[in-house]
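Worksheet: one structure, shown below.
What follows is calculated from the coordinates using simple rules that are stated; it is not laboratory data. These numbers come from a predicted model, not from an experiment. Cβ placement follows ideal geometry from the backbone for every residue including glycine, while neighbour counts extend to all protein chains displayed.
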Ligand code: FES
Ligand code: FES
């Protein structure tokens, strides 16, 4: 099957079996190193992408579903203002993430900045918990992401005035 979609802003075409998993296509056909195929079953969150603007675990997405869609991996997300805001919030906090989880967690946090209305603390905690990590305290991560959301809201408010 031939599948056309947009990957990190570029039109691309692949040939694949309809049920092939997006994570493996991104990693093996496009060499995108940010995609970590760890659990392969939707539990670790480390294969996260943005699919039409929403977070999705690419190990669970059969490629036929992405026909005509827009897929953003960390390699594309890194050029966005959301990434800049999340990155600087983590830098300022002094909380470091390992390279194994950072791309997925930055994208998860960035997706929260794009919510039509301010996400609740519970929504933020749940979104950030979708990327498994046993080495950084969830409360510290939550504080940083809430700080990034606050910064983003203030920026929107200043622009609107
Ligand atoms: S590899 Fe996709 S959630 Fe773990
Ligand atoms: S898995 Fe990356 S900081 Fe815990």
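Quick notes on this one:
- The chain, helix-only ellipticity at 222 nm - DSSP H runs n ≥ 4, -39,500 (n - 2.57), divided by all residues, nearest 500: -13000 deg cm²/dmol
- Backbone N under 12 Å from the residue 160 label point (7 Å along Cα→Cβ), restricted to segment 112-128: 116-118
- Taking the three principal axes of the alpha carbon atoms in segment 2-76, the coordinate ranges are 28, 25, 21 Å, sorted in descending order.
- Principal-axis tilt of helix 81-93 within the chain, Cα atoms, nearest 10 degrees: 50
- Between residue 28 and residue 95, full extension at 0.36 nm per residue minus the direct alpha carbon distance yields a gain of 21.0 nm.
- At q = 0.08, 0.10, 0.11 Å⁻¹, base-10 log of I(q)/I(0) for the chain (Debye sum, equal scatterers on each alpha carbon): -0.24, -0.37, -0.44
- Neighbour-count ranking [beta-carbon atoms within 10 angstrom, fewest first] of 120, 58, 111: 120, 111, 58
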